[in-house]
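Undergrad: The structure that follows is given in the form of structure tokens.
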Amino acid sequence: MEYFILGTVYISLLMMAYINMYLLVPMFFFRTYYILYFVLLITMGIFGLNIISYVISFFIDFKTEEYNNKRGGSYERVLMCISIILVTTMVKLLQKWIRDSRRIVELNSLTLNMELNELRNQINPHFLFNMMNNVKALIRTDPEKATYVIMKLSEFLRYQLYENNQEKALLTSEIDFLSNFLNLEKIRREDFQVYIDSKTDKRILNSTFIPPNLFTTFVENAVKHSVDITGKESYVKVNIEIRDKNLHFECGNSQNSDFPVPETVYSGLGLANIKRRLELLYKDTFSLEINSTDNEYIVHLIIPV
């Protein structure tokens, strides 16, 4: 009889522990519904103890009330049961902390590598050499435009080197950075058009923060692959909007149907890194679609804000 009672108590506690670990904690505790979680936990404890008492009452010679009096008051037993179940909550919290710590370490490492790669790719001697040559030529032909280029180049370098080393960056700052980058590229290339648009209210853009350099890789690829070796007009279009608490980023670039860029070029290391970074930052709450047609290549990214 004692083994049956122990087995019943053990199985009941085990079932409550599993319900707590895989149902109550993920659905309520991790989603910050703390009051509802504890209400459901106490309810489950009372219900479980009643089931234990009810089952045992069939196999013992005295009533359930007498059994309860011998084993202690109902409040003490409920508190003891909940205390045991809360141990499993601590286990789930420890597991979540370990997973989050690993994600943070991997994200920091990946972000650092991406920043180093971006510095090598964007602020490289070849880029600066071409820009300085352009400025040198403009000083002779159009000093006012040369001054404008120097100012934009200064803003570009200042933001890239000093202002984007935080975990979050202002969305308007990211838009200005992309605009400076594209406009500098426009000066370097003839028959190259740049379109940056957003229909979202300026006040919303000025109060929205995102991880820095989240769109840079897409714009870099668009600039690189929009070059038309036949001399036809090329373009890069960027559109950023906030709708229903989601940020929609769309970047499209022209491409020549006679000289398509291989898919292996588009799926390079930079794109793989940004996809992994998005997974670490947003898990399964982001959407990334990449479509290629004969004349255009489009990236559409949706992230929560």
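Undergrad: So for the range 150-166 (the condition being within 20 Å of ARG277 (Cα to Cα), at pLDDT below 80 and surrounded by 16 or more Cβ atoms within 10 Å (Cβ to Cβ)), does at least one residue qualify?
TA: yes
Undergrad: Inside the range 184-194, can you point out the residues that are open to solvent by less than 40 Å² (accessible area, probe 1.4 Å) and not charged (D, E, K, R)?
TA: Result: LEU184, PHE192, VAL194.
Results for (1) open to solvent by 90 Å² or more (accessible area, probe 1.4 Å); (2) in contact (Cβ under 8 Å) with a residue 24 or more places away in the chain; (3) closer than 19 Å to LEU94 by Cβ; (4) within 27 Å of the chain's Cα centre (by Cα), shown as yes or no for each residue.
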site: MET27; (1), (2), (3), (4): no, no, yes, yes
site: THR32; (1), (2), (3), (4): no, no, yes, yes
site: LEU36; (1), (2), (3), (4): no, no, no, no
site: LEU40; (1), (2), (3), (4): no, no, no, no
site: THR43; (1), (2), (3), (4): no, no, no, no
site: GLY48; (1), (2), (3), (4): no, yes, no, no
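Undergrad: Then there's this: Count, please, the residues in the range 167-180 that happen to be open to solvent by 20 Å² or more (accessible area, probe 1.4 Å), assigned to a helix (DSSP H, G or I) and touching a residue at least 40 places away in the same chain (Cβ under 8 Å).
TA: So the answer is 1.
Undergrad: Which members of the range 195-233 meet the condition of being part of a strand (DSSP E or B), open to solvent by 30 Å² or more (accessible area, probe 1.4 Å) and not aromatic (Phe, Trp, Tyr)?
TA: ILE196, ASP197
Undergrad: Shifting gears a bit: Anything in the range 234-256 that is more than 16 Å from ASP294 (Cα to Cα), out of contact with any strand residue (DSSP E or B) (no Cβ under 7 Å at 6 or more places or on another chain) and in a loop (DSSP other than H, G, I, E, B)? List them, or say none.
TA: Listed by number, the list holds a single entry, ASP244.
Undergrad: Scan (1) in contact with a strand residue (DSSP E or B) (Cβ under 7 Å, 6 or more places away or on another chain); (2) modelled with pLDDT of 85 or more; (3) over 29 Å from ASP100 (Cβ atoms) for the single condition ASP228 breaks and write down its number.
TA: So the condition that ASP228 fails would be (2).
Undergrad: Since TYR266 meets every condition but one in (1) more than 19 Å from ALA169 (Cα to Cα); (2) open to solvent by less than 50 Å² (accessible area, probe 1.4 Å); (3) at pLDDT 85 or above, which condition does it not meet?
TA: (3)
Undergrad: Give the range 104-143 a look and list any residue that's at pLDDT below 75 and among the charged types (D, E, K, R), or say none.
TA: GLU115, GLU118, ARG120
The values are calculated or read from the model by the stated rules, or taken from the named source; none is laboratory data. Bear in mind that the values here come from a model prediction, so they are computed numbers and not experimental data. Methodologically, a virtual Cβ is constructed for each residue, glycine included, from the backbone with ideal geometry; neighbour enumeration extends over all protein chains shown. Areas reflect the complete protein model, heavy atoms only, side chains present, ligands, DNA and RNA absent. Shrake-Rupley method; radii C 1.70, N 1.55, O 1.52, S 1.80 Å.
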